Structure formats: C-alpha cells, structure tokens
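**Q** Sharing a structure, written as structure tokens. Questions coming.
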Amino acid sequence: MKKTALIFGVTGQDGSYLSKFLLNKGYVVHGVKRRSSSINTIRIDDIYQDPFLKKKNFILHYGDVTDGTAVFDIIKKTKPNEIYNLAAQSHVAVSFKIPEYTSNADALGSLRILDSIVKLNKKIKFYQAGSSEMFGKVQTFPQNEKTPFYPRSPYGVSKVYSHWITINYRESYKIFACNGILFNHESPLRGETFVTKKIVKGLCNIKNGTQKKLYLGNLYSKRDWGHAQDYVEAMWMILQYSKPEDWVISTGKQYSVKQFVNLVAKYLKLKITWRGNGINEKAFLNKRPIIEIKKEYFRPADVENLKGDASKAKKILKWKPLKDINYLIKDMVEYELNQIHNV
Ligand code: NAP
Ligand code: G4F
C-alpha cells in the first residue's frame, strides 16, 4: 500500500521540495494551502493535478494552522501515515511586527496538529519544523541537540514552544513525534525577503541594469547555509528512523552576510569594493555605490553566530549535505538570470 503524507505549509519553499521528494518515493501527498486573494501555489504549479482526475496522488486542501477545526477535519479526512508541519509565519524580522499572529501560527499551530493526532490516530508520525533560531544568543559553539535554547525573537520563542510541546506529546501519549532543528536552507524557491534571495536577485538585477541599489541590514551576522533539497530529505529520514527523536540538520560551515554578497558578486563577475564602517559601509562597482546599509533592516535583537553540528544525524541517519555554498549560489543565480532573460 502506498504511504500517505500530509504537509502543512505545502506552498512554501520546503513544502514544494518535500512534495516532489515524497511523490518520487511513491507517496500520496496531501497539502494544506491557505485561502488567498491572489495565486499562492506558484512553487507547486509543476506538480498540480486536475482536481477532477480520478487517480490523483497530489491533493490540495484549504486550511490554516490557526484554525483548529480545519486542522482536525483535514487530518480525519486524509488519514495520513506521516504529517509534516512546515506551516509558519517564517520571517524572523516580520515576527517583531506581528508577534501575536506569529505565536498563534508558529507555537499553537503545532499543538493543534499534535492534539488532533492524539484524538484521531496515535500511529500517525509527526515532523515539527524546528529552527536554529531557537539557539538565538548561542550558548555553545557549534550548536547541537544538547545546546540550550536562548531565542531572540517572537518567531524563535514560538518555535521553542513547538519544540517542547512536541516532546511533551511524545512522552505523554507515546506518539512518534520528532523535531528537526534545521539551520538556514535556501534555494531558487526561497522567499524574496530572506537575505540570500534578496542578495542574489538584487545583484542579478544590478548586473542586468534594471536595479541601481541594494539595501541591506546587519552584514556581520553569520549563518550556516545549506540547500533546501538536502534538508527535506533529512525531514523524511527523521520519520523513517526506528525511534522518535530530535535532530540538528546543518552543514557545519559558516559565512557572514558580507561573505555571501562577495561570493555572489564573484560568481557574477561584478568587481565590488567595500568602503566605510557601520551604517555608512557601502559596496562600490566602478566607483558607484550599489549596496548601502539601512537601519530599518536591523532587528530589535539579532542572532549573530549560527553554526550547526549535525554529527548525530550524520552518524545515525547517514544523512549528509550534498550541496555546498558554491553549488547553492550557482543554483540561485542561474535561476534568477533565467527569470530575467525569459521576461
Ligand atoms: P516558507 O517558504 O515561508 O513557507 C511557509 C509555509 O507555511 C507556506 O506554505 C505558508 O503559506 C504556510 N503558512 C504560513 N502561515 C500559515 C498558517 N497560518 N496556516 C497554514 N499555513 C501557513 O518557509 P520555508 O522556508 O519553506 O520553511 C518551512 C518551515 O521550516 C517553516 O516552519 C520555517 O519556520 C521552518 N524553518 C525554515 C528554515 C529555513 O531556513 N528555510 C530553517 C529552519 C526552520 P503561504 O504560501 O500562503 O504563505
Ligand atoms: O535571511 P534571513 O531573514 O534569515 P533568518 O533570520 O536567519 O531566518 C531564516 O532561517 C531560520 C533558521 O535559522 C528559519 F528558522 C527562519 O524561518 C528563516 O528561514 O536573515 C539572515 C541574517 C539575519 O541575521 C539578518 O539580520 O541576515 C541578516 N540580514 C542583513 N540584511 C538581513 C538583511 N536579513 C534580511 N531578511 N534582509 C536584509 O536586508
């Protein structure tokens, strides 16, 4: 019998890659999308199936993790073997602007799913999309499953709640509920306001002459950036392991935002030079400033120094990241240049 998966957050970056990964494995995939006044399914257009087809293996349902009735009804109707909770207001800076909504979706959303699992079928396996943002003001370096959390945003705090409620339901009701603690992962499908996509798109447009300047915030923040395709495979592996546990997924390599800019510029053969300090730091191309710093892009509290230690997943799950930062940049830049040339 084919396995059935249910993905909350199917229209997002990871939802799109995970859907394709599971379809390739022979799963029937159900996805939950939010009602929206404009089309929000662009990332899954290539796997969309006519709802009137008799034999479908990719089926979409309207729902929202802030709506407990809908969550319960969709799980009841789709009877999944595995649930992946990827649904979240996932932008850290935005979480400072809409903290209450972020908490409702990112903290209580997971509770609503877990509680439905306990009421409907305790055999359903559950994956919670945890984040390295939970480490926040990092207490050890690099960070692994034993590193204490110190979240620095409403987003991070909400994800810590989801982490612990997942463990609490696992221990209380003996369900197969797992946390992935994933470090930043990017791709051509990354949302346009996250820093990697913003840099890639901005520099491609500058090279093409259709944008004059790119405005950024904290250039010295460091991240452990991987490729989303590698990371969705880890989500699946986590649910195939014999026991429900919690797992750090990362590359173990760290770059600053400024280094990421330099790597993208180099790939595009843009010879940029940096001058100035702090808010006045700028990148120049042929004496023209093309990157400037704006205080509006700094966060009330930032996470400055993330680097993961995924030894546990490497040793036990035999997971390893196959795509390094150079591949990631090539993939993102080539996609962006294609978009520009196809307009
Ligand atoms: P993303 O591109 O922002 O996708 C988030 C998904 O959640 C979208 O499908 C979005 O729908 C949906 N969503 C938002 N609010 C919802 C709600 N109230 N009810 C139902 N669905 C809702 O994020 P991603 O990068 O794919 O990340 C997937 C998950 O992993 C998120 O939970 C994120 O917090 C977590 N995570 C991401 C990373 C990373 O580096 N990418 C690292 C660690 C953890 P719309 O398309 O309608 O907005
Ligand atoms: O790309 P970012 O917005 O990602 P951030 O905050 O690390 O969050 C992402 O990764 C988390 C995993 O650790 C996920 F849980 C979360 O859902 C999301 O996917 O920012 C990265 C860094 C930050 O320190 C930020 O201050 O880049 C810095 N930055 C500098 N200039 C900027 C900008 N970030 C954004 N978004 N835009 C800027 O102009």
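**Q** Taking ASP115, is it open to solvent by 20 Å² or more (accessible area, probe 1.4 Å), within 9 Å of ligand 1 (Cβ to nearest atom) and over 20 Å from the mean Cα position of the chain (by Cα)?
**A** no
**Q** Which of (1) under 15 Å from the mean Cα position of the chain (by Cα); (2) surrounded by 24 or more Cβ atoms within 10 Å (Cβ to Cβ) is the odd one out, the single condition HIS91 does not satisfy?
**A** That leaves (2) as the condition not met.
**Q** Restricting to the range 185-228, give me the number of residues that are farther than 22 Å from ILE42 by Cβ and of a type outside the set (A, V, I, L, M, F, W, C). Walk me through how you get there before you give the answer.
**A** Initial filter on the range 185-228 (farther than 22 Å from ILE42 by Cβ): 203, 206-207, 209, 212-226.
If we keep only those that are of a type outside the set (A, V, I, L, M, F, W, C) as well, we get 207, 209, 212-213, 215, 217-218, 220-224, 226.
Residues that pass the stated criteria total 13.
**Q** Something else: Need the failing condition index for LYS3 against (1) touching a Lys or Arg at 6+ places or on another chain (Cβ under 7 Å); (2) more than 19 Å from SER187 (Cβ to Cβ); (3) surrounded by 11 or more Cβ atoms within 10 Å (Cβ to Cβ), just the number.
**A** All conditions pass for LYS3, except number (1).
**Q** Kindly list the number of the only condition in (1) closer than 30 Å to ILE7 by Cα; (2) away from ligand 2 (no atom under 11 Å from the Cβ); (3) in contact (Cβ under 8 Å) with a residue 24 or more places away in the chain; (4) open to solvent by 20 Å² or more (accessible area, probe 1.4 Å) that fails for ILE238.
**A** Among (1) closer than 30 Å to ILE7 by Cα; (2) away from ligand 2 (no atom under 11 Å from the Cβ); (3) in contact (Cβ under 8 Å) with a residue 24 or more places away in the chain; (4) open to solvent by 20 Å² or more (accessible area, probe 1.4 Å), the lone unmet condition for ILE238 is (4).
**Q** If you don't mind, there's one more thing I want to ask. Given the conditions (1) crowded, with 16+ Cβ neighbours inside 10 Å; (2) in contact (Cβ under 8 Å) with a residue 40 or more places away in the chain, report the number of the one that LYS137 does not fulfil.
**A** (1)
**Q** Okay, moving on. Please go through the range 246-286 and give me each residue that is more than 16 Å from ligand 1 (Cβ to nearest atom), open to solvent by 20 Å² or more (accessible area, probe 1.4 Å) and of a type in the set (Gly, Ala, Ser), ordered by number.
**A** Across the range 246-286, the qualifying residues are GLY276, GLY278.
**Q** Restricting attention to the range 30-74, and to residues there that are within 10 Å of ligand 1 (Cβ to nearest atom) and of a type in the set (Asp, Glu), which single residue is least open to solvent (accessible area, probe 1.4 Å)?
**A** Here the residue is ASP64.
**Q** Now a separate question. Yes or no: ASP246 under 18 Å from the mean Cα position of the chain (by Cα) and over 25 Å from ASN85 (Cα atoms)? Explain how you work it out, then say what you get.
**A** Details: under 18 Å from the mean Cα position of the chain (by Cα): yes; over 25 Å from ASN85 (Cα atoms): no.
Criteria not met by ASP246.
**Q** Could you say which residue among TYR27, TYR84 is assigned by TED's automatic domain parsing to the domain that holds PHE126, open to solvent by less than 30 Å² (accessible area, probe 1.4 Å), aromatic (Phe, Trp, Tyr) and touching a Leu at 6+ places or on another chain (Cβ under 9 Å)?
**A** TYR84
**Q** Out of all the residues in the range 1-16, which are near ligand 1 (Cβ under 9 Å from one of its atoms) and small (Gly, Ala, Ser)?
**A** Step one: filter the range 1-16 for residues near ligand 1 (Cβ under 9 Å from one of its atoms), giving 7-16.
Of everything in the range 1-16, those that are near ligand 1 (Cβ under 9 Å from one of its atoms) and small (Gly, Ala, Ser) turn out to be GLY9, GLY12, GLY15, SER16.
**Q** Is one or more of the residues making up the range 178-197 surrounded by fewer than 18 Cβ atoms within 10 Å (Cβ to Cβ), of a type outside the set (Lys, Arg) and more than 16 Å from ligand 1 (Cβ to nearest atom)?
**A** Within the range 178-197, none of the residues are surrounded by fewer than 18 Cβ atoms within 10 Å (Cβ to Cβ), of a type outside the set (Lys, Arg) and more than 16 Å from ligand 1 (Cβ to nearest atom).
**Q** Among the residues of the range 151-172, are any open to solvent by 20 Å² or more (accessible area, probe 1.4 Å), in contact with a strand residue (DSSP E or B) (Cβ under 6 Å, 6 or more places away or on another chain) and within 15 Å of ligand 1 (Cβ to nearest atom)?
**A** No, the conditions are met nowhere in the range 151-172.
**Q** Here is a follow-up. Do we find that SER19 is among the polar types (S, T, N, Q), more than 10 Å from ligand 1 (Cβ to nearest atom) and within 21 Å of the chain's Cα centre (by Cα) in this structure? Give the derivation first.
**A** On the way: among the polar types (S, T, N, Q): yes; more than 10 Å from ligand 1 (Cβ to nearest atom): yes; within 21 Å of the chain's Cα centre (by Cα): yes.
Yes: the conditions hold for SER19.
**Q** Can you go through LYS318, LYS294 and tell me which one is touching a Leu at 6+ places or on another chain (Cβ under 8 Å) and surrounded by fewer than 15 Cβ atoms within 10 Å (Cβ to Cβ)? Even if it seems obvious, please write down each step before you answer.
**A** On the way: LYS318 fails: touching a Leu at 6+ places or on another chain (Cβ under 8 Å).
Step by step, each of LYS318, LYS294 is checked, and only LYS294 is touching a Leu at 6+ places or on another chain (Cβ under 8 Å) and surrounded by fewer than 15 Cβ atoms within 10 Å (Cβ to Cβ).
**Q** Looking at the range 197-219 only, could you name the residues that are farther than 20 Å from TYR327 by Cβ and under 21 Å from the mean Cα position of the chain (by Cα)?
**A** Residues satisfying the conditions are GLY202, LEU216, GLY217, ASN218, LEU219.
The values are calculated or read from the model by the stated rules, or taken from the named source; none is laboratory data. None of the values given here were measured: they were computed from a predicted structure. Don't worry about glycine lacking a Cβ; one is built from the backbone with ideal geometry, like all the others, and counts go over all protein chains shown. Ligands, DNA and RNA are excluded from the accessible area calculation, which covers all protein heavy atoms including side chains. Shrake-Rupley method; radii C 1.70, N 1.55, O 1.52, S 1.80 Å.
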